[in-house]
Amino acid sequence: MSRTCPDCQNTYDDEILHCPEDGRGLSDIPAVDDLIGRTVGSYRVEKLLGKGGMGCVYMGVHPGIGSRVAIKFLHPQFSHDEKIVDRFFNEARAVNVIGHDNILKILDLNVTDDNRHYFVMEFLHGRPLQALLRNNVAVPLDVAGPILLQVCDALEAAHKRGIVHRDLKPDNVYLITMKGKKNFVKVVDFGIARVTDDAGISTGKTQTGMVMGTPAYMSPEQGSGASNKIDGRSDVYSLGVMMFQLATGRLPFPGSNFGEVLIGHLQVPPPQPRSLNPQIPEAYEAVILKSMQKKQEDRYASMKELKHAIEACMDQLRISKDLPHTDDTDTDTQLHPVDVRPPSYPGARTPGRVTGPGSKNRISNPNARPGGPRLAARPAGAMARTSQPPTRFTPVPRQPGRAPLFASIGVLAAVAVGVGAFVVLRRSDAPPLPAPVRAQAEIVRTEETPVFLSVVSEPLDADVIATWKDGEKRGAAPLSLEVPRNAKVHFEFRKSGFIDYAMDVIADQPQTVQAVLKAVPRAPQPVAAEEQRQPEKKRKKDRAPKEPDGVVDVLGDLK
């Protein structure tokens, strides 16, 4: 028996009544999902594919022709928040503007009569690119190359439309079979894409200083919160990180927390890929490292340039750009649970600002069992785990010759009951610990879990003094620090030539602390005292251009 948190989807033993992560009651899970069996648009909602912080995804079936789609619903508690609704529909708007074969198609979006916001997506059969990175094994260029070229094509089309993905990672690149060939790319999840109008002005709500994306693949400008500097080269950087991971089997900046990973992206040069995998061609290593330059102007200027560089490497090594043909041995495909993929290490997407209980960038509780996509809500009294699909139970036929075995099991059970009764009688004077008390203890331990803060400054290398009750840390930005949860942290930033800056932060969740320092204004140049004493006409005359030899200024002499 187990319980699942409706927000974070972690699964706990039955005696835990409250989620240690967010305090939600684990008994609040509805026995029946009111969306199952409901007709939404032209489709009947068949089953739940998965649930995230902002919404949940269901499989829909057209009752007449049997075609399947994925339907993403916004959680009801967010339906009256205009900013969240706008961000939810942002994915549909962005994808509709691009219209590229290598990008997941959005078919429809609408609001139900009871104010449930949703959009309909194509239903994919396949696997995420992350599936090729199992066991930290490098993927050769003859396999990765054709995939990367398709990603470049998709994002080049997006960038031409003024759309930057901002969350490019292996989990958001899906590989399907198309026209008898495998590894056809579908780029998914434009939920935090930056959409600009024809004048290049962002139509999104992201503010400067807000950090959005997945830490392991985040560009330096994203990690520093400089959202006004994010452009197509930010996606080039993220794809460079993916290329590094595919070529070496590991991430360039692994870390145990967001702060460590962020410091790597901001100021640590990546390892030489060939030092981790000597089989990488030198020309391809150069392409990877150029894509991951800290400064935007040092990277490839566009996805088109990056694609040409990859193609040149493949041509030099005589690697085909064609997709491989599928065959009967390809049994690794599965139904696509849209937006319910396990996060790539080291963590889930950083939400920028807290928009709801499920959007917190938490440090996972070590006692929690992550819950996978749930295909159906658990009926009341059901014993099956919700993270597993329902299966038909077939009774095992009774075999002869097992009577002595069952008799022995009965004797052992009787002995166990007797011992248990003896222990209960011996401890009858001690009151039992009620389940809610144990749940409260779990929550207390969670509240004691430290929080990681990442500190950045603009310009970089500002001196930082962070103080909180019973603690202090000094250093140069960017830096990361660990503080008690819910502690009030006071920051002071100093840099020569800039005005000192101070701020307070409540460490209720992992977050990025950013300070933008203003330069000290220059004092006006003093006018010489002797010049000040000169009459105004004299100063004007001195500043007037000199006349050439032989020319007389008659008007000047008459004044």
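Tabulated values for the structure
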{"read-out": "Every pair of residues 6+ apart whose Cβ atoms lie under 7 Å, when the first sits in the stretch 465-482 and is outside the structural domain of G259 (by TED's automatic domain parsing) and within 18 Å of V516 (Cβ to Cβ) while the second is of a type in the set (S, T, Y) and in a strand (DSSP E or B)", "value": "A477/S457; P478/S454"}
{"read-out": "Residue count for the stretch 101-140, restricted to those that are over 20 Å from G50 (Cβ atoms), outside the structural domain of V241 (by TED's automatic domain parsing) and of a type in the set (A, V, I, L, M)", "value": "2"}
{"read-out": "Complete set of residues in the stretch 145-189 that are within 21 Å of the chain's Cα centre (by Cα), in a strand (DSSP E or B) and not basic (K, R)", "value": "I163, V164, V173, Y174, L175, V185, V187"}
{"read-out": "Test: residue in the stretch 89-100 that is under 30 Å from T248 (Cβ atoms), outside the structural domain of F244 (by TED's automatic domain parsing) and not charged (D, E, K, R)", "value": "yes"}
{"read-out": "Positions within the stretch 225-268 being among the small types (G, A, S) and within 11 Å of M292 (Cα to Cα), in sequence order", "value": "S234, S238, G240"}
{"read-out": "Residues satisfying the stated conditions in the stretch 46-86, i.e. more than 18 Å from the chain's Cα centre (by Cα), of a type in the set (G, A, S) and either more than 22 Å from N115 (Cβ to Cβ) or buried (at least 20 other Cβ atoms within 10 Å of the Cβ) (or both)", "value": "G60, G64, G66, S67, A70"}
{"read-out": "Tally, over the stretch 246-290, of residues that are closer than 18 Å to A309 by Cα, assigned to a helix (DSSP H, G or I) and touching a residue at least 60 places away in the same chain (Cβ under 8 Å)", "value": "3"}
{"read-out": "Output for the stretch 452-497, where each listed residue is at pLDDT 85 or above, farther than 19 Å from D508 by Cβ and not in a strand (DSSP E or B)", "value": "A462, K495, S496, G497"}
{"read-out": "The stretch 472-499, residues that are aliphatic (A, V, I, L, M) and over 11 Å from L453 (Cα atoms)", "value": "A476, A477, A487, I499"}
{"read-out": "Within the stretch 290-301, considering residues that are crowded, with 16+ Cβ neighbours inside 10 Å and of a type outside the set (D, E, K, R), the one nearest to E221 (Cα to Cα)", "value": "Q296"}
{"read-out": "Residue in the stretch 517-530 that is part of a helix (DSSP H, G or I) and either within 25 Å of V261 (Cβ to Cβ) or modelled with pLDDT under 60 (or both) present", "value": "yes"}
{"read-out": "Residues (buried (at least 18 other Cβ atoms within 10 Å of the Cβ), touching a Phe, Trp or Tyr at 6+ places or on another chain (Cβ under 9 Å) and within 20 Å of D461 (Cβ to Cβ)) located in the stretch 496-521", "value": "T512, V513, A515, L517"}
{"read-out": "Matching entry among V173, V97, V151 (being among the aliphatic types (A, V, I, L, M), surrounded by fewer than 20 Cβ atoms within 10 Å (Cβ to Cβ) and at negative phi)", "value": "V97"}
{"read-out": "Number of the exception - K182 against (1) farther than 30 Å from N96 by Cβ; (2) modelled with pLDDT of 90 or more; (3) surrounded by fewer than 22 Cβ atoms within 10 Å (Cβ to Cβ)", "value": "(1)"}
{"read-out": "T248 vs. criteria among the hydroxyl-bearing types (S, T, Y) and modelled with pLDDT under 95", "value": "no"}
{"read-out": "Unmet requirement for D114, which otherwise passes all of (1) under 22 Å from V61 (Cβ atoms); (2) touching a strand residue (DSSP E or B) at 6+ places or on another chain (Cβ under 8 Å)", "value": "(2)"}
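The values are calculated or read from the model by the stated rules, or taken from the named source; none is laboratory data. Being a predicted model, the structure only gives us computed values, none of them experimental. Heads up, the Cβs are rebuilt from the backbone with ideal geometry, glycines too, and the neighbour counts pull from every protein chain shown.
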